[in-house]
Each structure stands twice: as structure tokens, then as C-alpha cells.
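Working notes, structure below.
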Amino acid sequence: MEMTSAILVTGCNGQLGSELRRILGDRAVYTDIDTLDLCNRDEVERFMRIGGFDYVINCAAYTAVDRAEEEKIQCHAANVEAVENLARAAAKYGSRIVQISTDYVFDGNHYTPYHEGDKTNPLSVYGITKRKGETALLGLAPESIVIRTGWLYSSFGNNFMKKMIALAQKGGNLKVVSDQIGTPTYAADLANAIVDIINQTKWTPGVYHFSNEGVASWYDFALAIIEEKAIDCAVTPISTDDYPTAATRPKYSVLDKNKIKTTYGISISHWRVALRRCLKELS
């Protein structure tokens, strides 16, 4: 097996992986669960040795937040063990990893945007495993970069934006949680930021935050989607208590992006501007 590309993108069939594939084209090798089992240490080791990758962008993860409360073993395998396998191989063969993490590593008790150094305290199995993945990676391969993001959506895959459009077009009243605050993130903007980092001669390891600019509740996000699509549909705010879920979400998970902006000179769009671009792409 010969590979000439210097970049490996794992989890390539997801939202972020699909956006990266569109940007990177034949510059990268793309894998998903059907072509590389990241939980198989020997398989990862062999793939990394033969590939000779300069960079690994790990988009692979277990992201079914509620189901993870029951499927703890599967979630831990994908979000911790797989990362450990990549980290060991990367350290051995000199690859640099960009690991995607989440705002769910925080408990949401803040009232100001979270900085990278703020105390983590995940409330869900998903959040706990993603945090363990971060620490495992930086312990085994300290030259890595972790990028925490949140509320990801795209023209690819399944996500909140597409769900809201589908429900609204069926007619009726949308009831959406208004007391969970964060920032919607267009996966294409995150993908572009990652490629910008890789394209630079500078490489500064550590944890970074990336989302679009601005602040919103899920209700605000839903309302904006319906307004931008000009769908005749009422959107009603409800509380988290009115919409119980298996996993506990942080009430507030706005991320401070100053570190990634100053370190890598990355400019970030407001979430509403990004949403318009995504909807244009979708149509």
C-alpha cells in the first residue's frame, strides 16, 4: 500500500470530515470505520507507519450524546482508546495530530466565555470521554493540538439545522430549548481554520477553542434557521426541564476564541453570517 499524501483525515464521512475532504481534495488520505478501525492498535500502528503522515486530523468520535449514557464502553473506545492508539503511533512516527474535542468538557456554570485553561467538569459520559481523550493525547503526544468546538452543523450529515428545517416544513409549532447557551459552529469554518493551521510554518501545540462568533440559545438558532429559510412556522421557547434528555448538557458553553485568533491569525465569522452561507450551500 503506497500513500503519497502527508495528511490523514479520520472520520471522513462525518460533517467535519466531509468539509475537510472538500477543501483538501487529493492532498489527504481519508478513512472512516469501514477502512481503518482506530480501536485496533496494531492496525493503527501499521497504517501510520506505511502512510508516513505529517498530520493527522482526527474527526472520528462517538457523538451520540444521549445514547452514550447507555453505551459507555463503545463511547470510551471511540473517544479514548482510539485517540491513545493514534497518539502512540504519531509520537513514534513523528506525525502531528489535530484532535477535535467539545464544549461538553465544561459543566456550564460560567457566565462568561470559557478559556482553554478553565477547569473542566463534564456532566455526561460523552463529555467525560472527550476530556479523557484530550488528556491521553497530550500525555502521549505532547506536540498535538486539541480544538474544542460545539453546536456543529453543516450541509453534510445529520444535525440540528437540518432537523429544524425538516420539522418546520412539515408544519406545526417548533418547541426549542431557550436556556442552554452556546454558539452554533459551521463545520466548513472549522475545517478552513484547521487547514489554515496546517498550512502555516508555525506549530504551537496545546488546547484551542473554535466556534463561530456570537452567542445564542438553541431557540435563537432555530428561529434564525426558520427566518433565513422563510418558512411559515412558529417557534416557541421552552426550558430544559420541559425537554428531558438522558445526558445532562452544560447550560452555558460559549468558548473564548482569542488564543486561536492571536496564535494563528484566524478570522471568524458571526454565527448568523455563517448560517446564511451554509443554507446557501445546502440549497
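Being among the aromatic types (Phe, Trp, Tyr) and either touching a Lys or Arg at 6+ places or on another chain (Cβ under 8 Å) or at pLDDT below 95 (or both) is the filter here, so list the residues in segment 181-234 that pass it.
Filtering segment 181-234 down to residues among the aromatic types (Phe, Trp, Tyr) leaves 186, 203, 208, 210, 218-219, 221.
Listed by number, the residues that qualify are Tyr186, Trp203, Tyr208, Phe210.
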Options Asp179, Asp189; residue that is acidic (Asp, Glu), within 20 Å of Asn258 (Cβ to Cβ), in contact with a Phe, Trp or Tyr (Cβ under 9 Å, 6 or more places away or on another chain) and in contact (Cβ under 8 Å) with a residue 24 or more places away in the chain: Asp189
Failed criterion for Glu19 (all others in (1) open to solvent by less than 40 Å² (accessible area, probe 1.4 Å); (2) among the acidic types (Asp, Glu); (3) not in a helix (DSSP H, G or I) hold): (3)
In segment 204-211, is there at least one residue being farther than 27 Å from Arg277 by Cβ, out of contact with any helix residue (DSSP H, G or I) (no Cβ under 9 Å at 6 or more places or on another chain) and either aromatic (Phe, Trp, Tyr) or surrounded by fewer than 18 Cβ atoms within 10 Å (Cβ to Cβ) (or both)? no
Arg272 versus (1) in contact with a Gly (Cβ under 8 Å, 6 or more places away or on another chain); (2) within 27 Å of Arg67 (Cβ to Cβ); (3) in a helix (DSSP H, G or I): which is the lone unmet condition? (2)
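Going by what's in this entry, would Lys175 be described as closer than 24 Å to Cys278 by Cβ, open to solvent by 50 Å² or more (accessible area, probe 1.4 Å) and charged (D, E, K, R)? Walk me through how you get there before you give the answer.
Numbers: closer than 24 Å to Cys278 by Cβ: yes; open to solvent by 50 Å² or more (accessible area, probe 1.4 Å): yes; charged (D, E, K, R): yes.
Criteria met by Lys175.
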On the basis of being free of Cβ contacts under 8 Å to residues at least 24 places away in the same chain and within 23 Å of Ala64 (Cα to Cα), does Pro250 make the cut? no
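Would a scan of segment 186-201 turn up a residue that is within 21 Å of Thr248 (Cα to Cα) and in a loop (DSSP other than H, G, I, E, B)?
Pass one, segment 186-201, residues within 21 Å of Thr248 (Cα to Cα): none.
Within segment 186-201, none of the residues are within 21 Å of Thr248 (Cα to Cα) and in a loop (DSSP other than H, G, I, E, B).
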Mind listing whichever residues of segment 26-59 are surrounded by 14 or more Cβ atoms within 10 Å (Cβ to Cβ) and of a type in the set (S, T, N, Q)? Thr31, Asn40, Asn58
I'd like to know if segment 219-229 contains one or more residues that are under 27 Å from Leu20 (Cα atoms), open to solvent by 30 Å² or more (accessible area, probe 1.4 Å) and either in contact with a Phe, Trp or Tyr (Cβ under 6 Å, 6 or more places away or on another chain) or not in a loop (DSSP other than H, G, I, E, B) (or both). yes
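Tell me, which residue of segment 249-267 that is among the hydroxyl-bearing types (Ser, Thr, Tyr) and within 17 Å of Asp118 (Cβ to Cβ) is surrounded by the fewest Cβ atoms within 10 Å (Cβ to Cβ)?
The first filter runs over segment 249-267 and keeps only residues among the hydroxyl-bearing types (Ser, Thr, Tyr), leaving 252-253, 262-264, 267.
Subsequent filtering for residues that are within 17 Å of Asp118 (Cβ to Cβ) retains 252-253.
Details: Tyr252: 20, Ser253: 25.
Per the stated criteria, the residue is Tyr252.
The values are calculated or read from the model by the stated rules, or taken from the named source; none is laboratory data. What you see is a predicted model, and the numbers here were worked out from it, not measured in a lab. Glycine also receives a Cβ, built like all others from the backbone with ideal geometry; neighbour counts cover every protein chain displayed. All accessible areas refer to the heavy atoms of the entire protein, side chains included, with ligands and DNA or RNA removed. Shrake-Rupley method; radii C 1.70, N 1.55, O 1.52, S 1.80 Å.
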